[in-house]
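A.B. asks: Below are the structure tokens for one structure; questions will follow.
The values are calculated or read from the model by the stated rules, or taken from the named source; none is laboratory data. Here the structure is a predicted model, which means the values were calculated and not measured. Counting neighbours? That spans all protein chains shown, and the Cβs are built from the backbone with ideal geometry, glycine included. Ligands, DNA and RNA are stripped out before the accessible areas are found, and what is left, the full protein with its side chains, is counted by its heavy atoms. Shrake-Rupley method; radii C 1.70, N 1.55, O 1.52, S 1.80 Å.
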Amino acid sequence: MARTDTHRAIDAVWRIESARIIAGLARMVRDVGLAEELAQDALVAALEAWPASGIPDNPGAWLMATAKNRALDHFRRNKLIERKHEQLGHEIELQQQMADTTPETALDDDVGDDLLRLMFTACHPVLATEARVALTLRLLGGLTTEEIARAFLVPEPTVAQRIVRAKRTLAEARVPFEVPRGDELAARLSSVLEVIYLVFNEGYSATAGGDWMRPALCNDALRLGRVLAGLAQDEPEVHGLVALMEIQASRAGARVGPKGEPILLLDQNRTRWDQLLIRRGLAALERAGALGGALGPYALQAAIAACHARAHTPEETDWERIAALYDALAQLAPSPVVELNRAVAVAMAFGPAAGLELVDALTAEPSLKAYHLLPSVRGDLLAKLGRYDEARAEFERAAALTRNTRERELLLGRAAACVHGPAPHGLQ
């Protein structure tokens, strides 16, 4: 195998195995930052050894065994080891585990629990949201600092600082490497779900830059959601989030035109929607409902997405049900953005005048002052009512607020169309 092929293979192995390796090491050394350093040392060793020796039959186990040896070396080199009983205990524990480690058993520890612990640690509320996202993509997504920076269009040093500070904060706060219990579990689980969905949303509708979508981020979030659903099978909102992401992701191939231009929901070719993802999403939604109780915020949003997925044409969409689901969502998780989405559903179900009345009530909302979708929705409803001059002004204001180049072009195009008549459909 050529050297470049070997390096590509190592990169693929790292993406697949890194989270499990870091999670297993973190349980042993009780320090997420140190665990990642040890895993990275093992990766460097692989880059040095595998081009000459070939890729092992079980590359993940090779990396884990190498990382465990690095952990032993780390504690043996520590001059304070004799005075630090806790570190000495770590060494004894590692020695015991290494005694039983073979290439076949190196990754046979309680991988599921370790991954779940790593998720709850990386998404701990003690960290700022941006730090949780960066750390989760680094530790659980296997992304490099450069890849995270490119995905979110921020400087690489900024992402590097977020990750370093996040690991330091976790260490200083002595955040335990464990799955919380009781009331704390619900609070911490909501943080994990929020981070995964933030990653997905940034991929689905990029905040800034020249791309309407960043599919790689959607895929990373969906993979993390599926892993979490396998680990937390009795949590309905986990299945609700997976259902939402599966159904939303099913539209990816129809949301972008041949030149990268956005295609809005009601204009999409629905034959291009991925039916496998839709089936997976509907099955996950069914699992969420089967666990009992009222649907949570993610499951309600998934139910809304399911209404679109089940409609073979835009005309078949059950907008009255969607409006009712948004009513329930507004009661459970009230927010101005939910109210804006509810207004769109009301407009589609009961006419643009009814929707515009709700949107107008949101124009004084401080949190929506710089939210480009508020004037975008208002422009769409004004155009449907034949108030084209007002609609054009709203689309132009929305275009000035968005930081996404593709979206700006779309909105300016809709503004120009108002000179000649109705603007195209406005749902994403």
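A.B. asks: Whenever you get a sec, compute what percent of the accessible area on region 305-428 sits on carbon and sulfur atoms (1.4 Å probe).
C.D. replies: 54 percent
A.B. asks: Tell me, what is the per residue accessible area of the chain in Å², probe radius 1.4 Å?
C.D. replies: 47 Å²
A.B. asks: When the helix-only estimate is applied to the chain (DSSP H runs of n ≥ 4, each -39,500 (n - 2.57), divided by the residue count), what is the mean residue ellipticity at 222 nm, nearest 500 deg cm²/dmol?
C.D. replies: Helices in the chain give a 222 nm mean residue ellipticity of -22500 deg cm²/dmol.
A.B. asks: Report, in degrees rounded to the nearest 10, the 0 to 90 angle that the Cα long axis of helix 275-290 makes with the longest principal axis of the chain.
C.D. replies: Helix 275-290 sits roughly 80 degrees off the main axis of the chain.
A.B. asks: Roughly speaking, what is the centre-to-centre gap between region 341-401 and region 193-249 when only Cα atoms are used, to the nearest Å?
C.D. replies: 27 Å
A.B. asks: Using a probe of 1.4 angstrom, how much of the accessible area of region 159-227 is carbon and sulfur, in percent?
C.D. replies: 50 percent
A.B. asks: Note the angle between two axes, namely the Cα long axis of helix 85-99 and the longest principal axis of the Cα atoms of the chain, as a number of degrees from 0 to 90, rounded to the nearest 10.
C.D. replies: That works out to roughly 90 degrees.
A.B. asks: Please list 400-411, 357-368, 214-225 highest first by mean number of surrounding beta-carbon atoms within 10 Å per residue.
C.D. replies: The peptides rank, most packed first, as 214-225, 400-411, 357-368.
A.B. asks: Would you indicate which of [x] 24.5, 82; [y] 26.2, 98; [z] 21.7, 82 is the value of Rg and Dmax of the Cα atoms in Å derived from the coordinates of this structure?
C.D. replies: Here the calculated entry is [x].
A.B. asks: I would also like to ask the following. Could you rank the peptides 345-353, 13-21 by their average count of other C-beta atoms within 10 Å per residue, with the highest value first?
C.D. replies: Put in order of decreasing packing, that is 13-21, 345-353.
A.B. asks: Over the chain, what relative contact order in percent results from Cα pairs under 8 Å that are six or more residues apart?
C.D. replies: This gives 11 percent for the chain.
A.B. asks: Does region 269-357 come out rounded, prolate or oblate, given a ≥ b ≥ c as the square roots of the eigenvalues of its C-alpha gyration tensor, rounded meaning a/c under 1.5 and, failing that, prolate meaning a/b above b/c?
C.D. replies: Numbers: a/c = 2.46, a/b = 1.18, b/c = 2.09.
It comes out oblate by the Cα gyration axes.
A.B. asks: For the Cα atoms of the chain, what angle does the longest principal axis make with the long axis of helix 319-332, in degrees from 0 to 90, nearest 10?
C.D. replies: For 319-332 against the chain, the angle is about 50 degrees.
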